[in-house]
1. From the set of residues in the range 367-389 that are aliphatic (A, V, I, L, M) and not in a helix (DSSP H, G or I), which is surrounded by the most Cβ atoms within 10 Å (Cβ to Cβ)?
2. Looking only at the range 184-203, which residues are of a type in the set (Ser, Thr, Tyr) and in a helix (DSSP H, G or I)?
3. Which of (1) under 30 Å from Glu415 (Cα atoms); (2) modelled with pLDDT of 95 or more does Val305 not meet, given it meets every other one?
4. Out of all the residues in the range 133-169, which are farther than 21 Å from Leu98 by Cα and surrounded by fewer than 20 Cβ atoms within 10 Å (Cβ to Cβ)?
5. How many of the residues making up the range 459-475 are part of a strand (DSSP E or B), in contact with a Lys or Arg (Cβ under 9 Å, 6 or more places away or on another chain) and closer than 21 Å to Ser333 by Cα?
6. Which residues, taken from the range 496-532, are over 18 Å from Val455 (Cβ atoms) and either of a type in the set (A, V, I, L, M) or more than 16 Å from the chain's Cα centre (by Cα) (or both)?
7. Within the range 476-487, does at least one residue satisfy the condition of being out of contact with any Pro (no Cβ under 6 Å at 6 or more places or on another chain), within 21 Å of Asn251 (Cα to Cα) and part of a helix (DSSP H, G or I)?
8. Quick one: which residue in Ala394, Ala390, Ala410 is touching a residue at least 40 places away in the same chain (Cβ under 8 Å), under 14 Å from Phe378 (Cα atoms) and of a type in the set (A, V, I, L, M)?
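The values are calculated or read from the model by the stated rules, or taken from the named source; none is laboratory data. Because the structure is a prediction, the values reported are computed rather than measured. Because the Cβ atoms are built from the backbone with ideal geometry, glycine has one as well, and the counts that use them run over all protein chains shown. Surface accessibility is based on the protein's heavy atoms, side chains included, excluding ligands, DNA and RNA. Shrake-Rupley method; radii C 1.70, N 1.55, O 1.52, S 1.80 Å.
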Amino acid sequence: MLRSAYRRSFQVAHLTARNSRPQPQHLHPFQAFSTSTKAQSLSHLSPWSSQFTGSKGTQVFIQSAIYTLLLFGAFGAIYGLPDLRPASAPRYASFEELNSAISELRRVFPDPNAVTTNPNSLQTYGSSENSYHPTSPHSVVVRPKSTEDVVAVVNIARKYRVPIVPYGGATSLEGHFSGISSGSICLDMSGMDKILHINEADSDLICQAGARWEDINQHLKSLGIPLFFPLDPGPGATIGGMIGTGCSGTNAVRYGTARSEWFLNLTAVLPNGEVIKTRSRARKSAAGFDLTKLFIGAEGTLGVVTEVTLRLTPVIPTKVAMAQFPSVNHAVSAVQDILRTPHGPNIQCIELLDDHMMSAINNAGLVDHPYPVQDTLFFKIQGDAAAVTATSKAVQSIVKKHGSSRFEFASTDQEAEDLWQNRKYALMSTLASAPGSHCWTTDVCVPVSRLPELVYETKEDLAQSGVRSTIVGHVGDGNFHALLLFDGDKELERVSQAVHRLAHRAIGLDGTCTGEHGVGVGKKEYLVSELGESTVRLMKTIKQSVDPLNIMNPGKVDLFYIQICSFLLT
């Protein structure tokens with residue numbers, strides 16, 4: 001009601017300024033100033049003066065702006081408005097303090113490979129070839145080997161107020177590990193890659209944060225242990241990075257995401273140098289806050305994860321199948337029907353590759369036998385022989401009803417593996433299909449029932465905008481990735497605008513600006529639109545409480561502003 005009253009007051013003030021002429025006997029305070037003897041020579045600058053030299057539109061605009069400021073201030077003083085001021089800028093290390101911090105790091109870590117300030121390394125660690133967000137090189141790279149090493153780095157960083165940016169597999173795409181312009185310590189966690197203990201009887205293992213998910217599964221397989229860790233993001237991703245971004249992957253339709261119970265607990269170093277373990281190794285716990293999940297998706301802004309207990313699950317036999325459709329709409333609609341059947345739990349993965357992606361795979365020269373260029377679904381069907389047979393029949397019947405012209409299984413285990421690898425290396429295939437081009441990769445996620453609408457509108461938008469693209473998606477959970485090709489700055493701007501429209505399109509369908517890539521630098525502008533001011537304010541409060549100096553990966557998942565526009569327009 002107050003906001004409506006504010007608008008009405010603004011409209012009245014605007015119309016009054018536009019339609020009235022100042023009368024000598026009732027001078028407006030601003031006009032009185034402009035016509036006084038002392039300020040007569042400045043009367044042409046006052047928007048309330050008849051001698052104002054600007055256009056009528058300019059005069060009305062200035063009057064309206066002043067009225068707006070006065071009214072907004074009055075309402076704020078009387079009724080109170082949200083605190084829209086950004087948090088005061090933190091004070092970071094001066095040049096001298098930064099050099100002192102680097103010197104102290106060298107004393108604490110005398111191994112010449114543990115601390116580097118090589119300019120090429122600093123640039124490499126602070127940027128990614130597959131990210132087009134603002135970047136800065138780091139000031140120093142430190143390679144810890146233990147939780148104790150991380151504590152030492154954090155204490156030095158806090159002492160000199162130098163930001164810390166954790167670095168894992170460098171597979172993230174939203175600028176998560178870019179450097180800080182004032183100077184930053186890059187904490188390269190990739191050397192902390194040990195598997196510390198396997199509890200086969202409990203189906204879990206303990207590892208350091210730099211371990212890669214593929215290496216973990218390969219190690220279990222080499223030991224003959226019939227268990228695996230089911231989260232499967234991009235090749236090369238580390239456990240710490242997967243926690244930071246709240247990852248998922250192709251298995252999410254069956255096994256869920258990082259926010260499921262796959263991380264039983266974690267050890268983390270807080271900004272004050274304390275080491276915490278979020279919970280015990282019990283399979284479930286109702287004791288207190290779920291602090292494990294507090295770190296999932298926090299992108300290193302609350303502390304540095306050093307060790308993790310992973311929940312494992314049995315390896316189940318799978319068969320890989322492929323179905324092709326006349327359009328993306330037909331393909332995505334079939335997915336909903338398949339998952340609603342009693343056979344849905346036997347579907348481990350459903351992946352969409354659009355016709356452009358299939359063409360890219362062929363043109364990249366990474367396959368022995370080219371695929372037909374059509375919108376395609378890849379399936380992994382899991383279970384014993386009887387379950388796979390029954391599920392396959394159900395799937396085949398449904399995809400045929402949705403216009404599929406082709407449904408077939410991989411004939412050998414090697415063909416199945418190759419087929420799935422082509423999906424996992426979609427970015428490489430897309431780049432290889434257009435030599436010399438660059439590729440901006442983005443992801444969004446919506447409720448599965450809204451996915452056909454989102455994919456259709458996005459394909460139409462990209463075609464009308466003249467943006468070359470491929471689309472791949474974990475369509476079983478409503479998540480898809482757009483890989484947008486460009487050459488030069490002009491095309492880059494066009495691609496950037498397309499990414500912006502896609503994020504808002506997804507949010508408008510009750511979805512999210514990112515299903516699994518995370519926020520980083522690239523998606524933080526959408527947080528208020530998606531989550532709301534109050535939610536972002538709570539996140540900001542948590543961040544400031546845990547990290548009052550704002551030294552933990554500052555500028556990522558940006559929690560230090562609330563947009564004024566949302567107040568004025570609601």
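1. Once the filter is applied, the top-ranked residue is Leu377.
2. If the condition is that a residue be of a type in the set (Ser, Thr, Tyr) and in a helix (DSSP H, G or I), then Ser190 is the only one that fits.
3. If we test Val305 against (1) under 30 Å from Glu415 (Cα atoms); (2) modelled with pLDDT of 95 or more, just (1) comes out false.
4. Hits for the range 133-169 are His133, Pro134, Lys145, Ser146, Thr147, Glu148.
5. The qualifying residues number 2.
6. Gln497, Val519, Val521, Leu527, Val528, Leu531, Gly532
7. The answer is yes, given that some residue of the range 476-487 is out of contact with any Pro (no Cβ under 6 Å at 6 or more places or on another chain), within 21 Å of Asn251 (Cα to Cα) and part of a helix (DSSP H, G or I).
8. On inspection, the qualifying residue turns out to be Ala410.
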